[in-house]
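The numbers here are math on the coordinates, done by the rules we state, and not lab data. Quick caveat, the model's predicted, so the values are computed rather than measured. Backbone-built Cβ (ideal geometry, glycine too); neighbour counts: all protein chains shown.
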Amino acid sequence: MENFVTAQCPSGWVQHESLCYFFSHDAATWEEAAGTCKAFNTKLAEPETYSAAHFITGKAQEKHQPFWIGVTDMMVDDEWIYPSDLRQILITNWGPGEPNQHTGANCVTTWVPHNSRWADEPCQQRYRFICEKST
């Protein structure tokens, strides 16, 4: 008998470990991106492991685009949290010299000049975004 792998993520999504990721084709502000993900019962990607962070970085680098992720310090400057449950971030994947904009930039994107490692950016900028959900 042959073993078949069944897709656990919807069409257009990419699986990594027990999570599915959607890399948007459209740009939005960070809040619009979070709202779009929420409308589909998902959330902006919140990398909680280095494996997830490296997967996201790799995919963003392949697409050569910055992508919003679910990391912010909107509530307290320089205290980076996952917005879905307000927990302090578990890991970081900052690019060189990041975060560097302090009160002027409270949202996190993958940044192409840093090989898609994290950078803090003003939340009103329009970038593509990554939604995340469990398989």
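In this simple spin-label model, placing a label point 7 Å from the Cα along the Cα-to-Cβ direction at both residue 94 and residue 8 gives a separation of 3.3 nm.
Modelled spin-label separation between residue 125 and residue 39, with each label point placed 7 Å from Cα along the Cα-to-Cβ direction: 2.3 nm.
Considering every alpha-carbon pair of the stretch 20-64, the percent of pairs per 5 Å bin, from zero through the bin containing the longest distance, is 5, 19, 27, 25, 20, 3.
Each listed q (0.09, 0.11, 0.12, 0.21 Å⁻¹) maps to a log10 I(q)/I(0) for the chain, found by the Debye formula over equal Cα scatterers with no solvent: -0.24, -0.36, -0.42, -1.30. Which residue, chosen from 60, 107, 96, occupies the Cα position most advanced towards the positive end of the dipole of the stretch 14-134, where the dipole is computed from +1 (Lys, Arg) and -1 (Asp, Glu) charges on Cβ about the Cα centre? Result: 60. Among 50, 21, 82, the largest mean-square fluctuation in a Gaussian network model of the chain (Cα springs under 10 Å) belongs to 50. The stretch between residue 50 and residue 79 holds 8.5 nm of extra length on full extension. This uses 0.36 nm per residue minus the Cα-Cα distance.
For the chain, take the longest principal axis of its alpha carbons; what is the angle in degrees between that and the long axis of helix 30-39, to the nearest 10 within 0 to 90? That works out to roughly 30 degrees.
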